[in-house]
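See structure below.
No lab work stands behind these numbers, since they all come straight from the coordinates. None of these values were measured; they are calculated from a predicted model. Every residue, glycine among them, receives a Cβ derived from its backbone with ideal geometry; neighbour counts consider all protein chains shown.
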Amino acid sequence: RKEVEQDPGPFNVPEGATVAFNCTYSNSASQSFFWYRQDCRKEPKLLMSVYSSGNEDGRFTAQLNRASQYISLLIRDSKLSDSATYLCAVNIDDYKLSFGAGTTVTVRA
Amino acid sequence: AAGVIQSPRHLIKEKRETATLKCYPIPRHDTVYWYQQGPGQDPQFLISFYEKMQSDKGSIPDRFSAQQFSDYHSELNMSSLELGDSALYFCASSFWNQPQHFGDGTRLSIL
């Protein structure tokens with residue numbers, strides 16, 4: 001079983017819609033949590049860190065639920081430019097990141 | 001702002017050849033990480049260095065080695081290349097345990 005599991009999607013949504021998806025992790029000792037965005041075989045780009053209190057960055061909201069061992073990402077008012085693969089990443093120790101397989105989001109006009 | 005710089009961007013090699021990938025971290029970042037991403041796969045951690053010392057090791061084949069130099073740049077050396085080594089290789093850097101930032105990657109193709 002992978003350490004980090006994601007719903008692969010794809011999520012096909014119209015512009016302006018809200019889309020949300022989760023990521024579960026298996027190691028309860030996981031310390032840090034992140035969402036990265038990856039476009040078409042380019043490098044993962046840090047979207048946001050995820051904190052227990054939840055955090056918001058513009059149209060993006062991330063939540064962490066330690067008890068149930070999942071994190072979520074919600075995108076409001078979707079734009080065409082939000083089309084990408086969203087990678088959940090988890091730090092178990094100070095060093096390596098374990099990634100999920102990614103959730104594909106396609107926003108259509 | 002300065003980002004992680006990787007070279008080369010693309011590399012084509014034949015089986016059993018060697019390759020060296022280079023990574024220049026963001027200035028003042030003290031930790032460098034190497035990841036391998038195969039087609040349709042998520043990035044897999046290979047190895048990391050903190051202050052020029054190996055800090056963690058993942059699924060890195062014995063044919064691969066890496067090091068971090070005094071100027072904090074890192075090199076990934078790959079020998080006896082196999083077809084299965086064809087992948088995107090990303091370097092990331094961070095300051096201590098802050099979020100990792102990735103370079104553009106090196107696309108390695110083995111013929």
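The table below gives the values:
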| read-out | value |
| --- | --- |
| Isotropically averaged projected area of chain A, using the convex hull of Cα atoms (one quarter of hull area), nm² | 6.6 nm² |
| Positive dipole terminus of the protein assembly as shown, leading residue within A:LEU74, A:SER30, A:SER98 (C-beta point charges) | A:LEU74 |
| Sites A:LEU80 and B:ALA2, calculated FRET efficiency, Cβ-Cβ separation with R0 30 Å, nearest 0.05 | 0.55 |
| Cβ-derived FRET efficiency at R0 35 Å, B:GLU14 paired with A:SER52, nearest 0.05 | 0.10 |
| Unpartnered cysteines - no second Cys beta carbon under 4.7 Å - across chain A | A:CYS40 |
| Inter-probe distance in nm under a simple model that places probes 7 Å from Cα toward Cβ, at B:LYS52 and A:ALA20 | 5.0 nm |
| Long-range HN-HN contacts of A:SER32 with modeled amide H, under 5 Å | A:ASN91 |
| Rg(Cα) / (2.2 N^0.38 Å) computed for chain B, rounded to two decimals | 0.99 |
| Among B:LEU83, B:SER94, B:GLN68 the positive-end extreme of the charge dipole of the protein assembly as shown (Cβ point charges) | B:LEU83 |
| Size of charge dipole - the stretch A:55-106 - debye, nearest 20, with Cβ of Lys, Arg +1 and Asp, Glu -1, no other charges | 120 debye |
| Cα-projected label distance for A:ARG41 with B:HIS73, points at 7 Å along beta-carbon direction, nm | 2.6 nm |
| Calculated over the protein assembly as shown: convex hull of Cα atoms, volume per residue (Å³) | 126 Å³ |
| A:MET48, B:MET53, B:MET78 arranged by Cβ crowding within 10 Å, fewest neighbours leading | B:MET53, A:MET48, B:MET78 |
